[in-house]
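Engineer: Attaching a single structure in structure tokens format; questions to follow.
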Amino acid sequence: RADVLSLTSRDYWAAFPENYGGSNDGGKYIMLYISSVDSTTAYIEVNAEVDTVAVVPGSPVAYNVPLIWEMLTSDSVENKAVHVWSNDAALFVDFNSHDDYTSDASYVIPSIGWGQTYVVAAYESIKEGYAGFIYDLPSEFVLISNQDSTSVTIIPSVDLRGSNPYDDSTVAHPASLPFTVTLNRGQVVQYEAVKVKDTAKVCDVTGTQILSANSVGVIGASSCANIPVQYPYCDFVCEMVPPMRTWGSTYYTAPLYGRQGGDTYLVIGTQPGQNITRTDSKGSEVFATLANSNDHFWRHDVATPSSWTSDAPFLLMQYSNSSTWPKGINGNYDPFMMAVNSVNHFSTPVIFNVLHNSADQQPYYWHADIVARSGLLV
């Protein structure tokens with residue numbers, strides 16, 4: 001019982017990054033999933049409007065979020081933070097943002113798990129197009145505040161666009177130049193990379209640094225990413241990013257079920273000259289040496305169960321590659337992203353919600369990777 005309560009909270013805040021350029025071809029929805037080990041009432045609030053749902057043990061509630069709550073702007077503070085809470089029971093919350101052929105889900109980190117310092121994990125803007133036209137499907141991230149007068153300093157890793165929806169190429173916030181935004185309780189802001197013009201240039205908000213006066217929530221995303229960037233077909237990817245204070249120095253991973261050619265992994269470090277080592281059944285290798293604090297490194301072909309270690313904390317993210325990876329032949333899986341829990345966050349029991357299809361949508365496949373000590377009964 002005590003372990004269950006350590007995994008959950010009575011208070012959550014969420015927001016929903018822009019999925020596939022804001023388009024809606026008729027199959028778009030955003031679903032909140034709320035569960036509890038106790039019977040309770042969950043409250044859902046946006047901009048002072050409150051709804052309620054009854055939650056019973058063993059049966060997650062799927063709450064259909066109005067699409068007007070999706071973030072469709074850049075560099076504009078909005079009152080779109082979604083507050084989910086219970087007055088008398090711990091909850092577990094995640095969400096799924098779905099459009100036709102493109103969706104991803106994220107665990108919602110409870111507000112008690114937020115921090116003041118982050119490095120964004122996301123993915124690169126798409127570089128596809130036709131006849132000289134390049135799609136505008138940007139790399140992006142969202143900040144969430146649950147306190148008034150929250151001053152947040154942002155050091156972008158790439159040029160960010162401004163608030164004019166008809167101007168996707170003008171730089172409002174240049175890469176590496178710090179700027180500050182102030183958020184009040186219930187406010188959110190999304191930042192998107194400028195539109196790709198030069199396909200040789202990386203447009204990725206990954207590596208953006210966030211320094212806040214109060215604890216905030218952060219979601220990294222890409223409105224439709226190819227992973228790797230030259231391999232279609234794109235998919236919306238998003239994940240709530242753990243704050244730096246929770247990063248660990250040891251992780252374990254398993255390859256995603258049914259994939260060909262391995263998965264993509266991202267590491268973000270905390271110390272100059274930091275070595276991150278990966279070990280599998282074939283032995284150990286230095287996966288990355290990061291020259292500076294907050295540097296990051298990608299690799300797209302890790303196909304074996306692995307342990308990851310360093311002498312300093314780091315963040316590890318795992319990504320599903322595009323369906324055409326690695327041989328250019330279309331398969332069954334699309335991109336998504338997820339944060340990997342370090343071993344210091346392992347616990348028992350494990351709680352998770354599964355996603356359900358809507359209307360005539362094809363059902364989701366559910367897989368659970370279990371990482372445990374050798375000989376442990378699970």
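Engineer: Out of (1) in contact with a His (Cβ under 9 Å, 6 or more places away or on another chain); (2) open to solvent by 20 Å² or more (accessible area, probe 1.4 Å); (3) not in a strand (DSSP E or B), the odd one out for ALA121 is which?
Structural biologist: Failing condition for ALA121: (2).
Conditions (1) aliphatic (A, V, I, L, M); (2) modelled with pLDDT of 95 or more; (3) surrounded by fewer than 19 Cβ atoms within 10 Å (Cβ to Cβ); (4) touching a Phe, Trp or Tyr at 6+ places or on another chain (Cβ under 8 Å), marked per residue:
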{"position": "LEU5", "(1), (2), (3), (4)": "yes, no, yes, no"}
{"position": "ASP11", "(1), (2), (3), (4)": "no, yes, yes, yes"}
{"position": "ASN24", "(1), (2), (3), (4)": "no, no, yes, no"}
{"position": "SER36", "(1), (2), (3), (4)": "no, no, no, yes"}
{"position": "ILE44", "(1), (2), (3), (4)": "yes, yes, no, yes"}
{"position": "THR52", "(1), (2), (3), (4)": "no, yes, yes, yes"}
{"position": "VAL55", "(1), (2), (3), (4)": "yes, yes, no, no"}
{"position": "SER59", "(1), (2), (3), (4)": "no, no, yes, no"}
{"position": "ASN79", "(1), (2), (3), (4)": "no, yes, yes, no"}
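Engineer: Within the range 145-172, take every residue that is more than 12 Å from ILE210 (Cα to Cα), touching a residue at least 60 places away in the same chain (Cβ under 8 Å) and among the aliphatic types (A, V, I, L, M) and give me the one that is surrounded by the most Cβ atoms within 10 Å (Cβ to Cβ).
Structural biologist: Once the filter is applied, the top-ranked residue is LEU160.
Engineer: When you go through THR324, THR304, THR348 one by one, which is the residue that is part of a loop (DSSP other than H, G, I, E, B), β-branched (Val, Ile, Thr) and within 30 Å of PRO60 (Cβ to Cβ)?
Structural biologist: It is THR348.
Engineer: Still on this structure: Consider LEU91 carefully, then state whether it is in contact (Cβ under 8 Å) with a residue 12 or more places away in the chain, open to solvent by 30 Å² or more (accessible area, probe 1.4 Å) and over 16 Å from the mean Cα position of the chain (by Cα).
Structural biologist: Answer is no for this residue.
Engineer: Continuing with the same structure: How many residues, within the range 234-267, are among the aromatic types (Phe, Trp, Tyr) and at pLDDT below 95?
Structural biologist: Total satisfying the criteria: 1.
Engineer: Can you tell me which residue within the range 244-273, out of those that are among the polar types (S, T, N, Q) and farther than 25 Å from SER212 by Cα, is most open to solvent (accessible area, probe 1.4 Å)?
Structural biologist: GLN260
Engineer: Confirm whether ASP280 is open to solvent by less than 70 Å² (accessible area, probe 1.4 Å), modelled with pLDDT under 95 and touching a strand residue (DSSP E or B) at 6+ places or on another chain (Cβ under 6 Å).
Structural biologist: Answer is no for this residue.
Engineer: Let me ask another. So which residues in the range 309-366 are more than 23 Å from ASN64 (Cα to Cα), open to solvent by 50 Å² or more (accessible area, probe 1.4 Å) and small (Gly, Ala, Ser)?
Structural biologist: GLY328
Engineer: Another question about this same structure. At least 1 residues that are under 23 Å from ASP311 (Cβ atoms) in each: list the strands (runs of 3 or more DSSP E) lying fully within the range 178-282 that qualify.
Structural biologist: On the way: elements: 179-183, 188-192, 209-225, 235-240, 248-253, 263-268, 274-280.
The qualifying strands (runs of 3 or more DSSP E) are 209-225, 248-253, 263-268, 274-280.
Engineer: Give me a count of the residues in the range 156-177 that are assigned to a loop (DSSP other than H, G, I, E, B) and not hydroxyl-bearing (Ser, Thr, Tyr).
Structural biologist: The qualifying residues number 11.
The values are calculated or read from the model by the stated rules, or taken from the named source; none is laboratory data. Keep in mind that what you see is a predicted model, and the values were worked out from it rather than measured. Ideal geometry is used to build each Cβ from the backbone, glycine not excepted, and the neighbour counts take in all protein chains shown. The accessibility values were calculated without ligands, DNA or RNA, using every heavy atom of the protein model including side chains. Shrake-Rupley method; radii C 1.70, N 1.55, O 1.52, S 1.80 Å.
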